[in-house]
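Computed from the coordinates by the stated procedures, all read-outs in this text should not be read as laboratory data. In this text the structure is predicted, and so the values were computed from the model without any measurement. Neighbour counts are summed over all protein chains in view; Cβ atoms, including those assigned to glycine, are modelled from backbone coordinates with ideal geometry.
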Amino acid sequence: MPAEYDSSSIEAKWQKKWEEAKAFEVDLNKSKDPYYCLVMFPYPSGAKLHVGHWYMYSVPDSYSRFMKMQGKDVFHPMGFDAFGLPAENYAIKTGVHPNESIKENVDVMIEQFKRMGCMYDWSKSLNTSDPAYYRWTQWLFLKMFENDLAYKKEGDVNYCPGCKTVLANEQVWDGKCERCDSLVEQKPLTQWYWKTTKYSQRLLDGLEKIDWPEKTKMMQMNWIGKKQGINISYDIEESDDKIVCFTTRPDTNFGATFVVIAPEHEFAQKVAKDNKDVASYIEAAINKTELERQEEGRKKTGAFTGFYAINQLTKKKMPIWVSDFVLGGFGTGAVVGVPGHDVRDFEFAQEFDLEVIRVVVASDGDTSEITSIEQVQEAEGTMINSDFLDGMDIHEATQKIMDHMAEKGWGERITTYRLRDWTVSRQRYWGSLIPIVYDPDGKPHPVPEEHLPWLLPTDVEFKPTGTSPIAQSKELKERVEKIFGKGWTPEVDTMDTFVCSSFYQFRFLAEGNQKELVPKDIDKKWMPVDMYIGGPEHACMHLIYARFVTMALKDFGFVANAEPFQKLFHQGLITNKGAKMSKSKGNAVSPDDFVNKYGSDAFRLYMMFMGPFSEGGDWNDTGIKGVCRFAQKVYKIIVQNKKCEQSKELTTALNIAIKKATEDIERLHFNTAISALMEFMNVCDKQGGIDAESAKTFTKLLAPLAPHLAEELWESLGEKGFVINQKWPTYDPKLIKTDTITIAVQVNGKVRGEFEASVDISEADAITQAKELQNVAKFIEGDIKKEIYVKGKLVSLVV
RNA sequence: GCCGGAGUGGCGGAAUUGGUAGACGCGCACGACUCAAAAUCGUGUACCGCAAGGUGUGAGGGUUCGAUUCCCUCCUCCGGCACCA
């Protein structure tokens with residue numbers, strides 16, 4: 001055995017041995033106790049893996065190794081999300097076809113992952129740009145089409161001028177493109193949509209059954225945005241039309257004094273025909289860009305239509321106004337103005353001098369007229385000036401009035417959602433082609449399954465122009481005419497890459513099977529994913545799409561579970577001076593120097609030791625020496641065989657370490673698990689070495705965290721096979737207990753002393769001994785009012 | 001504005017149900033080894049104070065014998081939603 005810990009030769013040696021022995025290949029059929037641990041797969045960009053990647057992938061690998069030692073048949077696959085902009089942009093820049101660059105990048109990344117020492121089963125890897133994979137992306141589209149969940153519609157869509165393609169609602173963050181930060185524009189275009197809205201309620205209900213961070217569930221709930229309210233129908237004086245207003249606060253309807261409709265509203269359009277003021281207001285409002293609208297702030301503008309709606313409750317005439325603060329796309333595009341209890345309505349009323357009525361008593365009992373915005377902001381209280389609702393709490397009143405209006409036929413209870421249908425078409429080359437063809441009349445037809453994979457043509461300049469570059473392909477046109485007949489044309493858009501990643505969890509299990517998406521028995525056995533790990537930025541994108549697609553697939557009868565990911569964990573983000581690491585920003589820190597110098601194991605240990613996995617943090621390498629010293633110390637004590645006799649101290653320390661490491665890794669708190677192992681090593685150091693049995697147990701504890709080093713230790717201890725195949729140690733609770741304990745003594749809540757006592761000391765003895773302590777006696781002159789003994793911990797005296 | 005999460009030494013962070021705040025590690029200081037440096041090992045290290053002691057977990061209150069932990073008010077940071085009716 002070499003005297004010094006030489007990480008690079010040890011790591012190369014064990015990576016080779018694992019590979020030769022196919023140590024991490026899983027037989028999906030034979031596994032008895034399946035555990036599917038999945039980490040969100042990466043884009044195979046040309047850049048080398050940075051520190052952020054190591055964090056994201058090496059830590060879940062340690063968790064998977066831990067579960068494997070727990071006796072689970074762990075499936076921990078890795079694949080590549082290869083379609084999409086990073087690969088395509090790289091191709092545009094270099095002129096190399098994405099197909100080739102992707103292949104190269106994937107090979108390089110696999111080598112890097114191997115150097116990390118991950119237990120991926122490479123025999124089951126996948127790549128979304130592979131025809132064997134995207135055949136299923138297209139198959140999914142066909143199933144959505146067959147089941148009426150895919151449709152084509154003209155309407156305003158989000159268009160990113162940077163990426164030159166349409167985006168889904170989820171991909172617009174703060175008005176900007178999630179990928180490239182360009183300001184997103186609204187454009188009227190005909191696009192393919194998937195009906196996510198049909199699943200709004202089920203997407204909400206499903207959240208109750210899955211073990212996800214509350215934060216993420218909350219984000220999805222916000223995104224889906226369920227609202228319950230009532231559509232109140234108002235008659236219009238001197239008109240046969242009606243205006244329907246959506247509100248969640250019908251309790252305040254006795255305070256309604258006007259109605260406001262959106263510029264896009266049908267009635268507004270009608271009025272505009274003979275009313276010049278309204279017409280010009282509408283034109284100006286509709287032509288406003290999002291930016292102009294934002295600059296305007298909350299200042300209210302509007303135009304009076306000259307018409308009045310009748311409030312059935314009060315028989316009051318309410319003027320109907322047009323204003324752009326009412327959104328055409330939300331609710332019914334019309335609101336009833338209750339200026340006393342809604343901030344926007346109040347602002348509007350002030351601007352145009354409309355009547356304000358108080359219908360809720362303020363918390364301080366104030367029932368005076370409402371004249372300031374502060375009075376409006378209060379939301380809770382008791383009803384007033386509201387006829388039969390007077391004296392009721394607003395919540396009770398809400399129910400009462402809804403019943404009343406429904407009974408009279410004035411209104412209809414309604415539930416609305418914020419969630420929109422998913423725009424799946426993209427005007428980009430590098431994606432999965434939508435498997436649709438158009439007949440000579442322009443009617444869409446699905447490409448029959450037998451023609452899948454519907455191959456991406458290669459005779460295309462893939463530079464984006466705003467329309468799909470695939471339209472240039474002669475080959476595709478000819479292919480369509482040959483199969484379907486003269487005058488038939490292909491759909492030339494590709495699918496959002498989030499479609500590719502919405503079902504990959506099933507394809508890992510299919511092992512390339514081209515007959516079914518996933519074999520039924522395998523699906524039943526392995527799904528849902530037991531542990532899914534990835535960043536929180538996907539909360540309202542990938543994680544909603546994957547849930548929606550899985551629910552649809554269950555409805556179609558292809559899979560057994562409606563939820564894809566039973567447990568979800570978000571790793572923290574590793575930043576560099578506060579900014580997310582990325583190649584494009586040029587702030588990615590390479591782990592190579594550290595790995596060369598200290599080894600993959602030490603680097604992995606450091607990633608975990610920095611803090612809880614959920615927290616991430618700003619990159620700083622100052623602490624890496626500490627874990628490196630630890631690895632060296634372990635090597636020195638175990639490999640160089642500093643033997644010593646088994647002792648009570650060692651056994652106790654080891655059992656404490658087992659307990660702590662087990663509990664901490666279970667909740668992915670690797671930092672404290674490692675510190676527990678360090679503490680044990682410090683005890684060994686003091687004892688002058690370690691006994692053979694403890695060394696074996698310790699090596700097992702180290703195995704998930706520093707996999708290569710642990711194998712080397714295992715071998716040096718004369719053991720056969722891989723330590724990673726060993727069973728995780730258990731501790732003996734009896735051995736954790738020591739004979740004596742330290743009891744602290746408090747006087748008036750302040751610690752004044754401590755004493756050693758036997759574990760089974762009685763309460764009376766403990767208190768007596770506590771009082772006898774020199775330093776304590778000093779503080780307890782006079783009457784003792786209270787004596788408290790917390791078993792095995794402390795004595796508290798009050799004087 | 002609304003909904004989440006978080007604020008602890010010089011730094012990363014510990015403290016699962018209220019029970020000795022600061023584990024573990026970095027850094028720093030001193031010492032040993034060395035001609036010297038690195039590496040390694042040892043000792044110390046929240047703050048104020050010579051000490052006795054006092055003060056300390058974003059700020060201020062409260063409950064309790066005892067609060068980083070529970071309750072109230074406020075501040076700051078991060079994430080999400082937002083003229084959404």
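A compact table of results
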{"item": "Computed [θ] at 222 nm, deg cm²/dmol, chain A (DSSP H ≥ 4; -39,500 (n - 2.57); rounded to nearest 500)", "result": "-11500 deg cm²/dmol"}
{"item": "Over 32 Å between alpha carbons, listed pairs A:LYS226/A:LYS567; A:LYS152/A:LYS585; A:LYS114/A:LYS700; A:LYS316/A:LYS400; A:LYS187/A:LYS209", "result": "A:LYS152/A:LYS585; A:LYS187/A:LYS209"}
{"item": "Label-point gap, in nm, between A:ASP27 and A:LYS515 - each point 7 angstrom along Cα→Cβ", "result": "2.0 nm"}
{"item": "Gain on full stretching of the segment that runs from A:TRP122 to A:THR489 - 0.36 nm per residue minus C-alpha separation", "result": "128.2 nm"}
{"item": "Calculated FRET efficiency for the pair A:ASP181/A:ALA471, C-beta based, R₀ 41 Å, to 0.05", "result": "0.90"}
{"item": "Three-way shape call for the stretch A:371-460 based on the alpha-carbon gyration tensor, with the a/c threshold at 1.5", "result": "prolate"}
{"item": "For the stretch A:645-795, projected area of the alpha-carbon convex hull averaged over all directions, nm²", "result": "11.4 nm²"}
{"item": "0 to 90° range, to nearest 10: angle between helix A:600-609 axis and chain A longest Cα axis", "result": "60 degrees"}
{"item": "Backbone HN-Hα couplings from phi across the stretch A:564-581 [Karplus 6.51/-1.76/1.60, Hz, Gly and Pro as x]", "result": "x, 10, 5, 10, 10, 9, 9, 6, x, 9, 8, 10, 10, 6, x, 9, 4, 6"}
{"item": "Beta bridges by DSSP in chain A, antiparallel share as percent, to the nearest 5", "result": "75 percent"}
{"item": "Vicinal HN-Hα couplings computed from phi for the stretch A:713-722 (Karplus, 6.51 cos²θ - 1.76 cosθ + 1.60; Hz; Gly/Pro x)", "result": "5, 4, 5, 5, 7, x, 8, 9, x, 8"}
{"item": "Loop-located GluC sites (Glu not before Pro) in the stretch A:628-681 whose Cβ has at most 16 other Cβ within 10 Å (DSSP)", "result": "A:GLU645"}
{"item": "Backbone HN-Hα couplings from phi across the stretch A:480-492 [Karplus 6.51/-1.76/1.60, Hz, Gly and Pro as x]", "result": "5, 5, 5, 7, 9, x, 5, x, 7, 10, x, 5, 10"}
{"item": "Mean shadow area of the stretch A:238-337 over all directions, Cα convex hull, nm²", "result": "6.5 nm²"}
{"item": "Calculated FRET value between A:VAL798 and A:GLU380, using beta carbons and R₀ = 41 Å, to 0.05", "result": "0.45"}
{"item": "DSSP-loop GluC sites (Glu not before Pro) across the stretch A:687-722, with at most 15 other Cβ within 10 angstrom", "result": "A:GLU719"}
{"item": "Translational diffusion coefficient (Stokes-Einstein; Kirkwood radius from C-alpha pairs) of chain A at 10 °C, 1.306 mPa s, in µm²/s", "result": "50 µm²/s"}
{"item": "Spatially proximal aspartates and glutamates relative to A:LYS643 (Cα-Cα < 18 Å; intrachain offsets below 8 disregarded)", "result": "A:GLU4, A:ASP685, A:ASP691, A:GLU693, A:GLU712, A:GLU715, A:GLU719"}
{"item": "Diffusion coefficient, µm² s⁻¹, Stokes-Einstein with Kirkwood Rh over alpha-carbon pairs of the stretch A:133-252 at 37 °C and 0.692 mPa s", "result": "181 µm²/s"}
{"item": "Crossing angle, helix A:214-224 versus chain A [Cα axis fit, 0-90 degrees, rounded to tens]", "result": "20 degrees"}
{"item": "Helix axis angle, A:648-666 relative to chain A longest principal axis, alpha carbon, degrees", "result": "20 degrees"}
